[in-house]
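Undergrad: Please see the structure below; I have some questions.
The values are calculated or read from the model by the stated rules, or taken from the named source; none is laboratory data. The shown structure was predicted, so the numbers you read here are calculated from the model rather than taken from an experiment. Note that each Cβ is placed from the backbone with ideal geometry, even for glycine, and that neighbours are counted across all protein chains shown. Surface areas here come from the heavy atoms of the whole protein model, side chains and all, with no ligands, DNA or RNA. Shrake-Rupley method; radii C 1.70, N 1.55, O 1.52, S 1.80 Å.
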Amino acid sequence: MTATDQAEAPSPVRDELRRIASDTSFLIKLARGRAELPDPTPPDGPDPYGNPEPEWLKIDWREHRHQIDVVGAEVNYVEMGEGPPILFVHGLSGAWQNWLENLPHFAKTHRVIALDLPGFGSSPMPPWEISIPAYGRFLRDFCERLGIGRCSLVGNSMGGFIATEVAITDPERVDDLVLVSAAGITWASARREPAAVIARMGRAAGPLLLRFHMQGIRRPRLRKGYFQGVFFDPDNIRREMLWENVVPALHSPGYYDAMTTLWGYDIRHRLEEIGVPTLVVWGRNDRVVPVPAALSYKKRIGDNAELVIFDRCGHVPQMEHPARFNRVVEDFLKRAGSLD
């Protein structure tokens, strides 16, 4: 083989390094305000950042928490309301509390359920190996245990990735789909080996990370530095919300196993199989899963999908712009027919 042939031969390591360099370059430009971003979707009503007087703080959540065994996995979940069911699925750094701003709103018209995936929050590790397909099968079994036939499925980040898996493999269970800053596009071509290394390092550093994030919650001057990777404006997110979302996540034993399985599981070529109405919601300033992934989701799903991009918003639109998020999703569910 000539030197030219060697230079042109496929190299997974070289390709991975190029991908990482490209992603890093984009994130640096995004942080400096120099990245070329798509235009945001104009709001159709009030669009404040955060919520200074949240309804969820007035609720005794102990009345709504339950535990159930799902094929050997003990699962913690909350349930409120009556009507057509909505199942909310959290992301990699999350727990059911990711949906605190949304559950009381939708419980007025729906039966709402938000769970801690096995290995996250108050749900212990499952007896099976964590993976995106395994979590998809788990959601099917979870719905069966709760007597849910079909539902509206809402997923953020990794939860959106899992939701697409369910919509593709068990379409008869999904009425409509809401993907919120969903993983699955950006990391699809990544190799698992680097993720495994990162996961091992993160597991070892877990106690230290928890201490740093607690300092960020307690000290306003540190908050932006610790949380701006997830939130566009951490200073305007209530300290109680940060606490409810950070503590369960960093105590989750499944975090690093799930991180590893996210990398390299490629579902992109199957997104066109999603046949239910789909709403793609994204933060224009998302640094975790940058907004080009939103355009890819919309393009690959096709005519069944509509896209809404929130300006001045990071990785969790449901927490950062709860009033607008609830309104946008509610309007979508009405058009999709899940309130009929």
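Undergrad: Filter the stretch 45-84 down to the residues that are in contact (Cβ under 8 Å) with a residue 12 or more places away in the chain and either of a type in the set (Gly, Ala, Ser) or part of a helix (DSSP H, G or I) (or both) and list them by number.
TA: 45, 50, 55, 56, 57, 61, 72, 73, 81, 83
Undergrad: Moving on. Which of the residues that make up the stretch 265-309 are surrounded by fewer than 16 Cβ atoms within 10 Å (Cβ to Cβ) and either touching a Phe, Trp or Tyr at 6+ places or on another chain (Cβ under 6 Å) or on the phi > 0 side of the Ramachandran plot (or both)?
TA: The answer is 302, and nothing else.
Undergrad: Something else now. Between a residue in the stretch 94-116 that is closer than 17 Å to residue 324 by Cα and any residue that is among the charged types (D, E, K, R) and part of a loop (DSSP other than H, G, I, E, B), which pairs come within a Cβ distance under 8 Å, given they are 6 or more apart or on different chains?
TA: Close Cβ pairs satisfying both conditions: none exist.
Undergrad: Out of everything in the stretch 152-190 that is more than 19 Å from residue 319 (Cα to Cα) and assigned to a loop (DSSP other than H, G, I, E, B), what residue ends up being modelled with the lowest pLDDT?
TA: 190
Undergrad: A follow-up question, please. For the stretch 310-323, check the following and say yes or no: at least one residue is open to solvent by less than 50 Å² (accessible area, probe 1.4 Å), in a strand (DSSP E or B) and farther than 18 Å from residue 166 by Cβ.
TA: For the stretch 310-323, residues open to solvent by less than 50 Å² (accessible area, probe 1.4 Å), in a strand (DSSP E or B) and farther than 18 Å from residue 166 by Cβ: present.
Undergrad: For the stretch 230-250, how many residues are under 16 Å from the mean Cα position of the chain (by Cα), surrounded by fewer than 20 Cβ atoms within 10 Å (Cβ to Cβ) and over 21 Å from residue 117 (Cβ atoms)?
TA: Count: 0.
Undergrad: Given the options 149, 119, name the one that is in contact with a Pro (Cβ under 9 Å, 6 or more places away or on another chain), over 29 Å from residue 246 (Cβ atoms) and in a loop (DSSP other than H, G, I, E, B).
TA: The match here is 149.
Undergrad: Across the stretch 87-142, which residue is most open to solvent (accessible area, probe 1.4 Å) among those that are charged (D, E, K, R) and over 25 Å from residue 62 (Cβ atoms)?
TA: 129
Undergrad: While we're here: Could you tell me how many of the residues in the stretch 143-155 are over 12 Å from residue 87 (Cβ atoms) and crowded, with 22+ Cβ neighbours inside 10 Å?
TA: The total comes to 0.
Undergrad: For the stretch 61-72, indicate whether the set of residues that are of a type in the set (A, V, I, L, M), in contact with a Phe, Trp or Tyr (Cβ under 7 Å, 6 or more places away or on another chain), closer than 20 Å to residue 262 by Cβ and open to solvent by less than 50 Å² (accessible area, probe 1.4 Å) is non-empty.
TA: No, the conditions are met nowhere in the stretch 61-72.
Undergrad: Let me ask you something else. When you check residue 50 against the structure, is it within 21 Å of the chain's Cα centre (by Cα), surrounded by 12 or more Cβ atoms within 10 Å (Cβ to Cβ) and modelled with pLDDT under 95, yes or no?
TA: no
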